[in-house]
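Asker: My questions will all concern the structure given below.
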Amino acid sequence: MSTQGTSAAQPEAAHLERFALSPARRRKDRLARGTILAGTLIALIPLALIVYYLLRKGLGAWSVSFFTTDPTGNTFFGGSSIGGIKSAILGTIEIVALASAIAVPVGIGVAVWLVEYGKSSWFAHTVRFFVDVLTGVPSIVFGLFVYIVLVVGTGSTYAGYKGSIALSLLMLPVVIRSAEVILLLVPSALRESALALGAPRWRVIFSIVLPTALPGMITGVLLAVARAAGETAPLLFTAAATLKTSFNLGGFMNSLPVQIYKDVTSPTTAVVNRAWGAALTLVVMILLLNLIARLIARRSRLA
Amino acid sequence: VEAAAISTGERSFLERSPLARLPDRALRYGLTALAALILALIVYFFIRLVGQARPAFAKEGVVSFVFGNDWNVSAEHYGALPLLVGTLITSALALLIGVPVAVAAAVYATELCPLRLRAPLTLLVELLAAVPSVVYGLWGIFFLAPKLQGAEQWVADRLSFIPFIGGGLVTIPNYFITGLVLAIMILPIVSAISREVMSTVPADHKEAALGLGATRWEMIRVAVLPYCRSGIVGGAMLGLGRAIGETIAVTILIGDAPKLGEHLFAQGYSLAAVIANEFGEAQGVHRSALFAAGLVLFVLTLLVNAIARLLVVRAARSKGSGTGVQAAGGMSSVAGAAVGA
């Protein structure tokens, strides 16, 4: 770009010649830029392949009965009798809904505390540090935690709500950190003017701070929900041990990721095909959540 | 008279009644309790996990549990070395393959690509994060692994003179394919954090380099990359944390063979995979051994993540500006959230 100035038409061209790019440097620049572009393209290949295969294999498995029957069919005879994924879809929705009902109020509460009360006290720093620790904990370890406390601890067996609690632990750090970032963006002039008008602190938080930050916080929450919906590991030994549709979160509950995991390990082709169909369903659900989150984020006046 | 009323009266007319102050107190203490609860919860979990893992540590000894090369459930020997090695090899592979690609994508998006392409490109890379890990496992085992088996065998045959890499028979599930899929899975987070850090490079630095006659690549090399080094390393460490803790995709792809694989293209096991795979049927000491494996995994990810946070935050802080701190410290956790597990 800057080197193109050395055009022959100009009278100074002759002595500008010494500023020209040496061929070696030019080659190096081209080579490096080419490598970077190649790396970028390589990064996009897996996405294309995954989308292509999901659509090709998954759409083939989709049918009306795929969404309206439970995966209780007999797998030995193959064919269409193996059943669909109704219980898995409903189970995922129920488990994730309860997980959100736990994680969202707690997460936003902690974020409000960090921004409005804790600020930069040592205790707030400790809480932030522990929230970061939570972010890094592998999801299967959350499964172990919940198993120890709620299955071993209570002497009972698996249940849908135990899976929800495992997922809510997973969502918590995401909700807290994203809400904190958004709450920090609420202009302090808004808070100060409300306080100056005589509003008590709690009114300032509930009537000024939270409504202002709402769209941004919804984005964070939806991203957390999308993350939780795709998790398999924490549900393996907290919620999943059934095939039938259940509306009782106190009992066993199926879910999409666990259903896929079980079907992947099956030797029957029809069952593996059901896994592809279920995978496409799950990815579409998560993508929708991501899309909505992005749309809301774009509309938000903060950030 | 008024002044007297203020000083001698029970409370100033500006002051709220104790009753009206109650919700404020309640909210304040309630929220503080909530924050304290999170701390207490983590400490409690850790103690309980150690408690559950104790029988296995007592039977094998801590050192020989972690470094014993014998995971044999039927003989009741629990040495986690094959699992630890599987976790480390696959995560290292993921970094080796994933980080250069992720950084290239980030450099391209922030420095080279036409402005119009920047947003769609970023979105496409981040879409990789929306794919759940079980779907990566499904895709990896039924598409990628069979497709690459021939190529892997070719490489293994050509490199047979290098111990551990070449020579053996390539199986469909193996260390390499697991590392490759993990590389794809950590791509979005490493790329997102690299991009965040690169966007904090002051335009002055870049313009100064260009003004001195640097080519684009030279500008990237002397102005952008050195400025972002610790941020990129931090992002890579966060990716490493993800790779170490990844469970389901690894369980499907690594082959779940409870021994040290002889070479890169052999089956193995990982810490997370062993828990997912064996926990359902485990009893007694076996179950305790799985808790112990979880504890090792927990401590490992804790260390990696602590180093990563330190690097990312320091990278942002040393650059001074408040937006930088937020970009790398705060926003990257949002980006990290966006690019989920």
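None of the figures in this text is laboratory data; all of them are computed from the coordinates on show. Note that this is a predicted model, so its numbers are computed, not measured. A quick note on method: Cβ atoms are made from the backbone with ideal geometry, for glycine too, and the neighbour counts reach across all protein chains shown.
Asker: Mind checking the dipole of chain A: about its Cα centre, +1 per Lys or Arg Cβ, -1 per Asp or Glu Cβ, Debye to the nearest 20?
Answerer: About 640 debye.
Asker: Can you list the trypsin sites (Lys or Arg not before Pro) in the stretch B:11-98 that are in a DSSP coil and have 10 or fewer other beta carbons within 10 angstrom?
Answerer: B:R11
Asker: Under a point-charge model restricted to the Cβ atoms of Lys and Arg (+1) and Asp and Glu (-1), what is the dipole moment magnitude of the stretch B:183-238 relative to its Cα centre, in debye to the nearest 20?
Answerer: Here the size comes out at about 120 debye.
Asker: If you build a Gaussian network model of chain A, linking Cα atoms that sit under 10 Å apart, which residue out of A:S22, A:S156, A:S121 swings the most?
Answerer: A:S22
Asker: Now for a separate question. For B:S91, what charge total do you get from the other residues with a beta carbon under 10 Å from its beta carbon, if Lys and Arg give +1 and Asp and Glu give -1? Kindly include the intermediate steps, with their values, before the conclusion.
Answerer: Details: positive: B:R242; negative: B:E246.
So the surrounding residues net to 0.
Asker: Rank by packing, highest mean first: peptides B:227-233, B:99-105, with packing defined as the count of other Cβ atoms within 10 Å averaged across residues. Display every interim value, and only then the final one.
Answerer: Numbers: B:227-233: 21.6, B:99-105: 23.7.
Put in order of decreasing packing, that is B:99-105, B:227-233.
Asker: Could you check which residue among B:G140, B:G280, B:G86 shows the biggest mean-square fluctuation in a GNM of chain B with a 10 Å Cα cutoff?
Answerer: B:G280
Asker: Now, a different point. Taking a ≥ b ≥ c as the square roots of the Cα gyration tensor eigenvalues, with a/c under 1.5 meaning rounded and otherwise prolate when a/b beats b/c, else oblate, which class fits the stretch A:142-285?
Answerer: Numbers: a/c = 3.65, a/b = 2.14, b/c = 1.71.
Since a/c reaches 1.5 and a/b is larger than b/c, the shape of the stretch A:142-285 is classed as prolate.
Asker: Listed highest first by mean packing, meaning other Cβ atoms within 10 Å per residue, what order do B:238-245, B:125-132 come in?
Answerer: B:238-245, B:125-132
Asker: Between B:L225 and B:V43, what is the spin-label point distance in nm, taking each point 7 Å from the Cα along the Cα→C-beta axis?
Answerer: Placing both labels 7 Å beyond Cα along the Cβ direction yields 4.6 nm.
Asker: Fewest first, what order do B:E281, B:E15 take by the number of other Cβ atoms within 10 Å?
Answerer: Final ranking by Cβ density, sparse to dense: B:E281, B:E15.
Asker: Another question, if that's okay. Counting partner chain Cβ atoms within 10 Å of every residue's Cβ in A:222-231, what's the average?
Answerer: On the way: counts 0, 9, 2, 0, 7, 8, 2, 2, 11, 7.
Mean number of neighbouring Cβ atoms from other chains: 5.
Asker: Convert each backbone phi in the stretch B:133-141 into a coupling constant with the Karplus relation 6.51 cos²θ - 1.76 cosθ + 1.60 (shift: θ = phi - 60°), then list the ³J(HN,Hα) values in order as whole Hz, x for Gly and Pro.
Answerer: For the stretch B:133-141, the Karplus curve yields 5, 5, 6, 4, x, 4, 5, x, 7 Hz.
Asker: Can you tell me how the stretch B:130-284 classifies by the Cα gyration tensor, rounded, prolate or oblate, using a/c under 1.5 as the rounded cut?
Answerer: prolate
Asker: Hey, how many Å between the Cα centroid of the stretch A:174-219 and the Cα centroid of the stretch B:58-99?
Answerer: What the calculation gives is 47 Å, centre to centre.
Asker: Let me ask something else. To make sure I understand, if each residue's beta carbon is the centre and we count other beta carbons within 10 Å, what order do A:L172, A:L190, A:L150, B:L169 fall in, fewest to most?
Answerer: Numbers: A:L172 24, A:L190 13, A:L150 18, B:L169 10.
Ascending Cβ contact count within 10 Å gives the list B:L169, A:L190, A:L150, A:L172.
Asker: If each residue's Cβ is checked for other Cβ atoms within 10 Å, how do B:Y108, B:Y136 rank with the fewest at the top?
Answerer: Taking fewest neighbouring Cβ atoms as first place, the list is B:Y108, B:Y136.
Asker: Would you list the membrane-span-like helices of chain A, meaning whole DSSP H runs whose alpha-carbon atoms span at least 15 Å along their axis and whose mean Kyte-Doolittle value is at least 1.6? Don't skip to the answer; put the middle values down first.
Answerer: On the way: long enough: A:23-61 (56 Å, 0.52); A:86-112 (38 Å, 1.83); A:122-136 (21 Å, 0.85); A:160-185 (37 Å, 1.55); A:210-229 (27 Å, 1.46); A:269-299 (45 Å, 1.35).
Result, helices passing both filters: A:86-112.
Asker: If you take each beta carbon of peptide B:261-274 and count the beta carbons of other chains within 10 angstrom, what is the mean? Before the final figure, lay out each step's value.
Answerer: Numbers: counts 0, 0, 0, 0, 0, 0, 0, 0, 0, 0, 3, 5, 2, 0.
Partner-chain Cβ atoms within 10 Å, mean over residues of B:261-274: 1.
Asker: Other chains near B:38-50: what is the mean number of their Cβ atoms within 10 Å of each residue's Cβ?
Answerer: Values: counts 13, 7, 1, 6, 7, 1, 3, 10, 2, 0, 6, 4, 0.
Whole-number average of other-chain Cβ neighbours for B:38-50 is 5.
Asker: On to the next question. Using alpha carbons only, how many angstrom separate the centre of the stretch B:215-275 from the centre of the stretch A:246-303?
Answerer: Value for the Cα centre distance between the two parts: 25 Å.
Asker: Report the Cα centroid-to-centroid distance between the stretch B:287-312 and the stretch B:156-202 in angstrom, as an integer.
Answerer: What the calculation gives is 21 Å, centre to centre.
Asker: Long-range amide H contacts for B:H77: which residues qualify at under 5 Å (H placed 1.01 Å from N, peptide plane, sequence gap of 5 or more or a different chain)?
Answerer: So B:H77 has HN proximity to B:N72.
Asker: For chain B, list the DSSP H helices whose alpha carbon atoms reach 24 Å or more along the long axis and whose average Kyte-Doolittle value is -1.0 or above?
Answerer: On the way: long enough: B:18-60 (61 Å, 0.81); B:81-107 (38 Å, 2.27); B:175-198 (32 Å, 1.80); B:225-245 (29 Å, 0.83); B:284-318 (51 Å, 1.44).
Both cut-offs are met by B:18-60, B:81-107, B:175-198, B:225-245, B:284-318.
Asker: Suppose only helical runs count, i.e. DSSP H with n ≥ 4. What mean residue ellipticity at 222 nm does that imply for the protein assembly as shown under -39500 (n - 2.57) per run, divided by all residues and rounded to the nearest 500 deg cm²/dmol?
Answerer: Taken over the protein assembly as shown, the calculation gives -22000 deg cm²/dmol.
Asker: Name the shape class, rounded, prolate or oblate, that the alpha-carbon gyration tensor gives for the protein assembly as shown, where a ≥ b ≥ c are the square roots of its eigenvalues, rounded holds for a/c under 1.5, and otherwise prolate holds if a/b is larger than b/c and oblate otherwise. Don't skip to the end; give the middle numbers.
Answerer: Numbers: a/c = 1.68, a/b = 1.04, b/c = 1.62.
Oblate is the answer for the protein assembly as shown, as a/c is 1.5 or above yet b/c matches or exceeds a/b.
Asker: May I ask you to list the GluC sites (Glu not before Pro) in the stretch A:89-196 that are in a DSSP loop and have at most 14 other Cβ atoms within 10 Å of their Cβ?
Answerer: Working: sites: A:E94, A:E116, A:E180, A:E192; in loops: none.
Here no GluC sites (Glu not before Pro) fit, given the DSSP loop and packing criteria.
Asker: Taking chain B as a Gaussian network, where each spring joins two C-alpha atoms under 10 Å apart, which residue of B:V197, B:V62, B:V107 fluctuates the most?
Answerer: Taking springs between Cα atoms under 10 Å, the residue moving most is B:V62.
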